[in-house]
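Read through the structure below, which is laid out as structure tokens, and then see the notes.
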Amino acid sequence: MGGNIALDFVDTIGGPLVAKPEPIDEFLRSYEDLVMFGLKMGTLSERAARGLRRAASERPEEAEAVLARAREKRVLIEAAFRPVSEGQEPPAAVLAELRDFAAEAIAHGELTRAEDGFDWSWESSDELDTPLWPIAHAALELITEGPLDRIKSCGRCRWLFLDTTKNHSRRWCSTEGCGTDVKKERYVARRRARRAGSSSG
Ligand SMILES: [Zn+2]
């Protein structure tokens, strides 16, 4: 939905921006959800996921702590990119924290051969933090390489996304979700206004 791993990670919590998120808006409810996120994004292989699941069942308390850390990092990444989506600069302290998070990721990564160069890989790490590293790296890449002018926030919910439309015209996280809801609400409001108009006049 977000079009970028870091923004998709921010979008693992939903609901309207103006309200405090409800429990139902939380998509990261267990360590397993973090593993699923990595599998969906393609940042974890099936093999790595199996290893992490095994380790999480052996060390449940550590897995819980990693989940809590993941949510903290989600707040950090949002703090970096929401201002950007509003044409503002992220606070210096947030940038410093993002750098530290990415430095941690790089310290745990390996350089592996890719088609036309080398790529960061966390494939052989058996630490429970592993699902976080590709997210940290994606956030660093996005903030350093952009396209920052394409980072937008949904006009209706708290989700951030990368606008890849030609004329930068995307306003909703998805046309099926918030885009449709807005259309429905406008329709209902118009009908209500018409009805009010005909009953009073
Ligand atoms: Zn939305």
**Q.** region 48-116: C-alpha gyration tensor shape, a/c 1.5 cut-off, then a/b vs b/c
**A.** oblate
Q) What percent do you get for the relative contact order of the chain when only Cα pairs under 8 Å and 6+ apart count? A) 27
Q: Any chance you could count the Lys pairs in the chain whose alpha carbons are under 29 Å apart, treating pairs 8 or more apart or on different chains as valid?
A: 14
Q | Longest segment of the chain lacking GluC sites (Glu not before Pro) that sit in a DSSP loop with at most 12 other Cβ atoms within 10 Å | A | 116-201
Q | Two-site label geometry, VAL75 and ARG50: point separation in nm, points 7 Å out along Cα→Cβ | A | 3.7
Q. Applying 1/(1 + (r/R0)^6) with R0 = 22 Å to the Cβ-Cβ distance of SER174 and ASP149, what FRET efficiency is obtained, to the nearest 0.05?
A. 0.60
**Q.** Overall dimensions of region 91-163 by Cα: Rg and Dmax, Å
**A.** 14.4, 42
(Q) Report the gain in length on full extension from ASP126 to ALA107: 0.36 nm times residue separation, minus Cα-Cα distance, nm rounded to one decimal. (A) 5.4 nm
Q | region 37-179 - convex hull of alpha carbons, volume per residue in Å³ | A | 143
Q: Write down the radius of gyration of region 1-58 and its Dmax, each obtained from C-alpha positions, in Å.
A: 13.2, 40
Q. How far is it, in nm, from the label point at ASP33 to the one at GLN88 when both lie 7 Å from their Cα along the line to the Cβ?
A. 2.7
Q: State the extension gain, in nm to one decimal, for the chain segment bounded by LYS40 and ASP25, taking 0.36 nm per residue of separation less the distance between their alpha-carbons.
A: 3.5 nm
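Every read-out reported here was derived from the displayed coordinates using simple, explicitly stated rules and does not represent laboratory data. It should be emphasised that the depicted structure is a prediction, and the values quoted were computed from it without experimental measurement. Don't worry about glycine lacking a Cβ; one is built from the backbone with ideal geometry, like all the others, and counts go over all protein chains shown.
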